[in-house]
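Written out below as structure tokens is the structure these notes cover.
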Amino acid sequence: MSAKIISGTEVASQIREELKQEVTALKEKQGVVPGLVTILVGHNPASVSYVTAKQKTAHELGFHSIQDDQPEDISEENLLKLIDKYNNDPKIHGILVQLPLPKHIDEKKVLNAIDPDKDVDGFHPVNVGRLMIGGKEAKFLPCTPAGIQELIVRSGFETAGAEVVVVGRSNIVGKPIANIMLQKGKGANSTVTIVHTGTKDLEAHCKRADILIVAAGVPGLVKPEWIKPGACVIDVGVNRVGEKKSEKTGKMVPILKGDVDFDAAKEIAGAITPVPGGVGPMTITMLMKNTVKSAKLAAGLA
Ligand code: NAD
């Protein structure tokens, strides 16, 4: 039987609709307008397109949104001053510095300068610690892992007591999603295993998974026979495996593949995310959700 396809595009648009209504109610009833600033240094084309997409979504949701473009040669000192300005701006609830930064700037220093209560990306060490502690301490979950949890929950999979196996131990996906799924609470409470390049028998671990989350960045790493029949498979991997001509624009566009062989896996899994259109569309949406939460926290409403 073919698996249910978990559409990140659909879930993301559902969450955005919910957020739009929440933002309208916040404005009308409390006079609160969520504020997001995206800081872009230089003109890296990929960064420009990411920032533009974030600003477009913030605008559509009715946020107070600022795109702050800075020249490639801005000094680290001036960038830190800029962050300090937004840290102290009560209209701004979320600060996002688009990475990568030019080589003369210490990325870590810049990210750590963001007020943890405005760190809607959830990567500040304070927020990483808050997530580890869990419960109400966890303020901003990193966006891609938070999106993964939403996809699992909204697809109707029971997480409590489930065997969750996470392939990959990066700080942006593997570790935080493992942390999220082991928390005692709704949409989690799972038994979690993380596997990685040092793991002896990847296949044996994957075969046990009721929920298999793959974030390795290796196309086709997880073979269909490694999937437990009926499992929920979340494929985070986005790998460029070639180029093709777009039917819409006639331009060459990358061919993207996940870490799981989708066509074969969907005949075994109970549910599976496609690539593209699975986890990808969730990330910006969760950034918006974090910004709304930050605005509510600042107003004492959450
Ligand atoms: P990363 O390279 O930082 O981490 C990959 C992890 O996978 C490492 O911990 C490594 O130990 C593990 N790994 C790699 N090869 C392995 C193997 N052969 N066996 C076992 N473990 C192996 O990558 P990342 O930043 O976590 O991203 C992973 C993938 O997810 C990439 O394809 C990336 O493009 C994608 N991604 C997608 C989104 C999104 O859709 N929004 C966001 C972040 C990352």
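Restricting to bridges with both residues inside the chain, how much of the DSSP beta-bridge set is antiparallel, in percent to the nearest 5?
Values: 6 of 35 bridges.
Looking only at bridges with both residues in the chain, the antiparallel portion is about 15 percent.
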Keeping to pairs on different chains or 8 or more places apart, tell me how many lysine pairs in region 191-302 have Cα atoms under 21 Å apart.
-> 12
Karplus couplings for region 83-94 from phi (6.51 cos²θ - 1.76 cosθ + 1.60, θ = phi - 60°), rounded to Hz, Gly and Pro as x?
-> 5, 4, 4, 6, 4, 9, 9, x, 7, 9, 10, x
Packing-based ranking, highest mean first, of 130-142, 98-110 given that Cβ atoms within 10 Å are counted | 130-142, 98-110
Within straight-line cross-link reach of Lys103, lysines at Cα separation under 19 Å, skipping those fewer than 8 residues along the same chain = Lys81
Given H placed 1.01 Å from N in the peptide plane, which residues other than close sequence neighbours of Lys4 have an amide H under 5 Å from its amide H?
-> Ala271, Ile272
Estimated FRET transfer efficiency when R0 is 35 angstrom, pair Thr24-Gln70 (beta carbons, to 0.05) | 0.65
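Laboratory data are not the source of any read-out in this text; all were calculated from the coordinates shown. Since this is a predicted model, take the numbers as computed values, not measurements. Please note: Cβ atoms are built from the backbone with ideal geometry, for glycine as well, and neighbour counts cover all protein chains shown.
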